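Below is one structure, written out as structure tokens; comments come after it.
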Amino acid sequence: MRADDVLYPTEAGLYCAPGDFHIDPVRPVPRALITHGHGDHARAGHGSVLATRQTLEIMAIRYGEDFCDRRQVADGPVEVNGVRVSFHPAGHVLGSAQIRVAAPGAPVIVVSGDYCRTPNPVCAPWEPVACDVFVTEATFGLPVFKHPDPAAETRRLLASMAEFPDRAHLVGAYALGKAQRVIALLRQAGHDRPIHLHGAVQRLTDYHVAQGVELGDLRPATTAGEIEGQVVIAPPSAFASPWVQRFRDPVICFASGWMAVRARARQRGVELPLIVSDHVDWPQLTGTLQELRPDEVWVTHGREEALVRWCELNQLRARPLRLVGYEDEAE
Amino acid sequence: MKRFAALLERLAFTPSRNAKLQILRHYLERTPDPDRGYALAALTGDLKLRAVTPSLLRRLVAERFDAELFALSYDFVGDLAETIALIWDGTPQGDLSLAEAVQILETTGKAGLPAAIARVLDRLGPSERLAFLKLATGNLRIGLSARLARTALAGMGAPDIADIEEIWHGLTPPYAEVFDWIAGGPRPAHAARAPFRPVMLSTPVDLDDLRGLDPADHVAEWKWDGIRVQAVSDGGVRRLYSRTGEDVSGAFPDVIAEMNFEGAVDGELLVRRAGEVASFNELQQRLNRKTVSRAMLGSHPAGLRVYDLLIWGGEDLRSRPLMDRRAVLEAADFGSDRIDVSALLAFDGWDDLAALRADPPAAVIEGVMIKRRDSPYVGGRPRGPWFKWKRDPRVVDAVLMYAQRGHGKRSGFYSDFTFGLWADDQLVPVGKAYFGFTDEELRQLDRFVRSNTTERFGPVRAVAPKLVLEVAFEGVNRSTRHKSGVALRFPRISLIRWDKPVEEADRLVTLEAMIEGEDAARPGTRHGRARRRGTEAPVADPDEGGA
């Protein structure tokens, strides 16, 4: 069986025909395998869901306990209709995994989901998994994306807090993964004052703490007087809501890989862009392909054109899958 | 380069003037000479380096990168220098001082420049690469005025802004003597002839305020809507300065040529034809040019109307009373038909003056100036001796079309409003206003925007056409840059017309009539309309923005 017959894109997402399951489907399907808990990859309403324990628990927090009919924890290799699947850490967010798909007599395919190779204090590191076909994202698939050391970005945040000690620093960070990573980075940099949380990041942060991630003194961002001059973590969408109006003269910060591009930061009205990404940057992305040297590279979403061009220049067979439904901004 | 790069980055993203000042002051306090001086000059556009061209940079990139990958990257990033700074594979080694970077750009020959730039890029990190490339292309795009830079200097030590402005001209980067002075060293001597001296400014006034003053103690003259300048002619050196001390001589060679006097005078730059003063819009076309074409000099001849004398006949007149200076001014012979003296207005009481103000002889008059007869010439804006009593603003009733979120103290509030007028049955946007309303009104407008949003584009929301805003402004110009073909000067929201149906908002033709019809009956002035609240919310002064 050829790799194309094992796994191919459909309207609902990547479909494995011999195993009769979808990976990260964007529509409700009878059987879904989920790489990680971000909303564009993990949706509610499937029949059965196979994912890591943490991804399942995160989905339950986000969508309620009835987010699917049946849950199955990926714990070691599993057979799904005769296709052997296994989950391996992706280093993206808590619970994130790459999914290895081995159908009998077919090339081994690894669907990496979103992944990151920079050490991240809030999740397990990415592991290389040998494969014939590597299915990769290309969110930051342009040679301009070289994410700086997150510790250096954290120091820039602390420097701004020293420069403007009376102004609250509101850090926009996605509720799953980035929010907790920014907190952990601040703790690693020695910031031991309380960090305040917008309500929308509270539950997922509590979950990280329950999973043993040390995040220090966390408080809700409620009382106006208490939060002046403090760090407040909020989902980026909060900056468009009247919630921001409680702060007198805040410094609006945003932690995202997109902040490397000034026009992006300006467009969002960010005063302090922090380049912190949970995705591979260009050197990591191309380095991973060099390291794995698969027979073929399939590109799911992002800047696939540039990555395919790089593969061509480096004698790697590659093609874009043109999957729809994954958000560019899901960083 | 690291500190300079961090400074550029913070300034580029910081909207608030005060925060910018603080960031710049801290940088200047913590950075040694000569780097801080070069940084200051680079920010204000006073660092004259040979500009590296975009085509040189493109060639540099073509040697190192796949054309297709670069094109895709440039397309995404949208800025050539930024794309190169990001894509370059450098290995940061130590740091390069700003002075070293300046020296490389100043001393490297044309043939060696590409290789020299590549060597610098190889040893810097991405932010520093961007800072270096911006410096090399002479395009910092920070939008920091020389005035703001000098204000930051004034925040560092004893010399105040007027002191600094007075010694500034003739100094060259890296300004070591200025920093030495700020740290307690000697005051730098006037290094050049024809220096700038701090300009005396006025405060706004209305009829109620004037009732408390004795008309006999004051003189009045027209307030001309041109550009307030200081014209200095000193031992063969002639300069025209804006009132914030920017040298604008280059744009007005015709005026410079006529300055056959020795002294420093305070006046208004105007475009004049056959004795008639043209509109500010015509003068504006002469601005911001390094050189002026012969055709422009012919079609838009500039001249000077003198208000006051600072230095004359080798004597500093500033400490003498206004009427003494005025006597010298009226006796002076400028020997040019392009330079004349602003006449005093004859009036007995404030009601007389009010009548004159209501019916000025020319459209380009924007009110009256009132000055105490005994006032010395004091730089800055002392409260009291000089007043401006501007004409009533013009108004139109416009429809709110778009709103954008504000920054800083207005974070989370939709506070920048784009408004439009009717043309046929379409609304055409004619301007943007972000003040004129009270805090409570801002909250009401914010609520209105949120509950009437039809579309979102990033920080901007399109709003259903339901709300009429009375917009006050100082004048209308033709504009090729705006879709509507008109541009408002200093628009602000004077009244929120919750009561008025949008169909009854004004039409674009009403505004267009105000361009030509400056002399007409002024149909839409604020004065004639019923006031809906006692006082307009405090607004910034249009004169503050500089020309």
Test A:Val261 against the stated conditions and say whether it is within 14 Å of chain B (Cβ to nearest Cβ), crowded, with 20+ Cβ neighbours inside 10 Å and closer than 23 Å to A:Leu158 by Cβ. no
Please work out which residue is surrounded by the most Cβ atoms within 10 Å (Cβ to Cβ), limiting yourself to the stretch B:199-258 and to residues that are closer than 17 Å to B:Gly367 by Cα and among the hydroxyl-bearing types (Ser, Thr, Tyr). B:Ser202
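Conditions tested, residue by residue: (1) under 21 Å from the mean Cα position of the chain (by Cα); (2) not small (Gly, Ala, Ser).
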site: B:Gly250; (1), (2): yes, no
site: B:Arg272; (1), (2): no, yes
site: B:Asn281; (1), (2): yes, yes
site: B:Leu297; (1), (2): no, yes
Find the residue count for the stretch B:427-481, including only residues that are part of a strand (DSSP E or B), among the charged types (D, E, K, R) and within 14 Å of chain A (Cβ to nearest Cβ). 3
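What do you reckon, is A:Asp69 out of contact with any Pro (no Cβ under 8 Å at 6 or more places or on another chain), assigned to a loop (DSSP other than H, G, I, E, B) and of a type outside the set (S, T, N, Q)?
For A:Asp69, the condition - out of contact with any Pro (no Cβ under 8 Å at 6 or more places or on another chain), assigned to a loop (DSSP other than H, G, I, E, B) and of a type outside the set (S, T, N, Q) - is not met.
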Out of the residues in the stretch A:285-308 that are of a type in the set (Ser, Thr, Tyr) and more than 11 Å from every other protein chain (Cβ to nearest Cβ), state the one that is surrounded by the most Cβ atoms within 10 Å (Cβ to Cβ). A:Thr300
Just name the residue that is surrounded by the most Cβ atoms within 10 Å (Cβ to Cβ) out of those in the stretch B:68-85 that are within 29 Å of B:Pro174 (Cβ to Cβ) and in contact with a Pro (Cβ under 9 Å, 6 or more places away or on another chain). B:Ala85
Give the stretch A:281-326 a look and list any residue that's under 17 Å from A:Pro9 (Cβ atoms) and part of a loop (DSSP other than H, G, I, E, B), or say none. A:Leu321, A:Arg322, A:Leu323, A:Val324, A:Gly325, A:Tyr326
Please give the number of the condition A:Asp278 fails out of (1) farther than 15 Å from B:Glu9 by Cα; (2) touching a residue at least 40 places away in the same chain (Cβ under 8 Å); (3) surrounded by fewer than 24 Cβ atoms within 10 Å (Cβ to Cβ). (3)
Residue that is nearest to B:Ala278 (Cα to Cα), among those in the stretch B:429-484 that are at pLDDT 90 or above and of a type in the set (S, T, N, Q): B:Thr438
Residues being surrounded by fewer than 14 Cβ atoms within 10 Å (Cβ to Cβ), under 19 Å from A:Leu274 (Cβ atoms) and touching an Asp or Glu at 6+ places or on another chain (Cβ under 8 Å) - total across the stretch A:191-243: 2
Considering residues of the stretch B:68-103 that are facing chain A (nearest Cβ under 10 Å) and of a type in the set (Asp, Glu) only, the residue nearest to the chain's Cα centre (by Cα): B:Asp79
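For the stretch A:309-319, indicate whether the set of residues that are within 12 Å of another protein chain (Cβ to nearest Cβ), closer than 30 Å to B:Pro15 by Cα, more than 18 Å from the chain's Cα centre (by Cα) and without any contact (Cβ under 8 Å) to a residue 12 or more places away in the chain is non-empty.
No, the conditions are met nowhere in the stretch A:309-319.
For the stretch B:28-67, what are the residues that are over 23 Å from B:Ala85 (Cα atoms), surrounded by 13 or more Cβ atoms within 10 Å (Cβ to Cβ) and either away from chain A (no Cβ under 14 Å) or touching a helix residue (DSSP H, G or I) at 6+ places or on another chain (Cβ under 8 Å) (or both)? Show your work before the answer.
If we filter the stretch B:28-67 for residues that are over 23 Å from B:Ala85 (Cα atoms), which is where we start, we get B:28-34, B:37, B:46.
Okay, now just the ones that are also surrounded by 13 or more Cβ atoms within 10 Å (Cβ to Cβ), so B:28-29, B:31, B:33-34, B:37, B:46.
Across the stretch B:28-67, the qualifying residues are B:Leu28, B:Thr31, B:Asp33, B:Pro34, B:Gly37, B:Asp46.
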Within the stretch B:17-26, of all residues that are at the interface with another protein chain (Cβ under 10 Å from one of its Cβ atoms) and surrounded by 15 or more Cβ atoms within 10 Å (Cβ to Cβ), the one nearest to B:Lys409 (Cα to Cα) is B:Ala19
Residue under question is B:Gly408, and the condition is that it be buried (at least 16 other Cβ atoms within 10 Å of the Cβ), modelled with pLDDT under 95 and not assigned by TED's automatic domain parsing to the domain that holds B:Trp222; does it hold? yes
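Residues are listed down the side, and each one gets a yes or a no for (1) within 14 Å of another protein chain (Cβ to nearest Cβ); (2) without any contact (Cβ under 8 Å) to a residue 40 or more places away in the chain; (3) more than 22 Å from the chain's Cα centre (by Cα):
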{"residue": "A:Gln230", "(1), (2), (3)": "no, no, yes"}
{"residue": "A:Pro236", "(1), (2), (3)": "yes, no, no"}
{"residue": "A:Ser241", "(1), (2), (3)": "yes, yes, yes"}
{"residue": "A:Asp249", "(1), (2), (3)": "yes, no, yes"}
{"residue": "A:Glu271", "(1), (2), (3)": "yes, yes, yes"}
{"residue": "A:Pro283", "(1), (2), (3)": "yes, no, no"}
Please tell me if A:Val49 is farther than 18 Å from A:Ala200 by Cβ, hydrophobic (A, V, I, L, M, F, W, C) and touching a residue at least 24 places away in the same chain (Cβ under 8 Å). no
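The values are calculated or read from the model by the stated rules, or taken from the named source; none is laboratory data. In this text the structure is predicted, and so the values were computed from the model without any measurement. Note that each Cβ is placed from the backbone with ideal geometry, even for glycine, and that neighbours are counted across all protein chains shown.
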